[in-house]
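Heads up, the thing below is written out as structure tokens.
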Amino acid sequence: MNCLESSPSPRYAARIKRFWVIEDDASPGDSIQPVLPDGCPELIFNLSDRFRRFTNDNECDLQPRTIAAGQMTKHLLIGPSGKVSLFGVRFKPAGAFGVFRFPLSQLTDRIECLGDIWGTNEDRLHEQLASATDFHDRVTVFEKYLDELRVLDLASSNEMEYAVHSLKIARTSVRKLARELGWSERRLERRFAERVGISPKLFSRINRFQRMIRFLETGTVSDLAGTAIECGYYDQPHMNREFASFAGTSPTAFRASSHRMSKLFVVGE
């Protein structure tokens, strides 16, 4: 599997976390892989065979060639149907608001065909991305499209950037954060629903879960109880419940299983 990542240009650094590509000569027999909640909306352009999405009873649906994925609050099970060639745009938690121009809560736990949102513009953009000669050219193509959308005309919010940053790095309560911003808790909840897609409390839980995932991915966790406390959980049972809610399995089972796709979606700092 060939995986590459790239930062956006400075003008989109406040909105886009990273661009990425995945190339692989996979086969339909490859294992089903989980994709976990990571706190970031995403656009994914499938430039080869489409992916399949599996339900718990192992039924599957073929995914659209281009998808808009909102905030996820539970894991997804996916698998290739053939050759893999993906170009992805991972937004910062509040970065997609200016791209879609509607409340991000409308995309929460949903994977939508981008053509249903952008219409014929999706056809044009997909064709340009497929025709691009390399990763750098695809990044340039996408950023030029954002220029056409005049995304930068919608200024980002310093208050939201502060709120997102605070919830990612600290054990900050919603009440304390609202007080620091000079907002009511209700205003903070509304703004998160609009620009992030989920509540600030749920966003904080997902980031705590991602901290745990990063520890597990290092392969060096010997004390789950101690690691749970370090990540911000009350104790190991608390962590186990939260982990099962987001990943559909236990930390021990997750660590022992193969999940090469999910590793690509673990959010690093």
* Could you tell me which of the residues ASP116, ASP38 is charged (D, E, K, R) and under 13 Å from the mean Cα position of the chain (by Cα)? => ASP38
* Can you find even one residue in the stretch 167-188 that is over 18 Å from ALA69 (Cβ atoms), at pLDDT 95 or above and β-branched (Val, Ile, Thr)? -> no
* Structure fact -> A careful count of residues in the stretch 77-102 that are in a loop (DSSP other than H, G, I, E, B) and surrounded by fewer than 20 Cβ atoms within 10 Å (Cβ to Cβ) gives 5
* Asked: Using beta carbons and a limit of 7 Å, which pairs, at least six apart or on different chains, have the first residue in the stretch 38-61 and closer than 24 Å to LYS17 by Cα and open to solvent by less than 80 Å² (accessible area, probe 1.4 Å) and the second one of a type in the set (Phe, Trp, Tyr) and assigned to a strand (DSSP E or B)?
  -> CYS40/PHE91; PRO41/PHE91; GLU42/PHE91; PHE45/PHE87; LEU47/PHE87
* Do we have GLU5 as of a type in the set (D, E, K, R) and either at pLDDT 90 or above or crowded, with 21+ Cβ neighbours inside 10 Å (or both) here? -> yes
* To do: List the helices (runs of 4 or more DSSP H) that sit entirely inside the stretch 103-174 and contain at least 3 residues that are surrounded by fewer than 16 Cβ atoms within 10 Å (Cβ to Cβ).
  => 120-131, 135-149, 158-169
* **Among residues of the stretch 190-205, those that are out of contact with any helix residue (DSSP H, G or I) (no Cβ under 7 Å at 6 or more places or on another chain) and under 15 Å from SER166 (Cα atoms), counted** => 1
* Select from the stretch 193-224 the residues that are aliphatic (A, V, I, L, M), surrounded by fewer than 19 Cβ atoms within 10 Å (Cβ to Cβ) and at pLDDT 90 or above and list them in ascending order. => ALA193, LEU202
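The values are calculated or read from the model by the stated rules, or taken from the named source; none is laboratory data. It should be emphasised that the depicted structure is a prediction, and the values quoted were computed from it without experimental measurement. Neighbour counts are summed over all protein chains in view; Cβ atoms, including those assigned to glycine, are modelled from backbone coordinates with ideal geometry. For the accessible areas, the whole protein counts, side chains as well, though only heavy atoms, and no ligand, DNA or RNA atoms are used. Shrake-Rupley method; radii C 1.70, N 1.55, O 1.52, S 1.80 Å.
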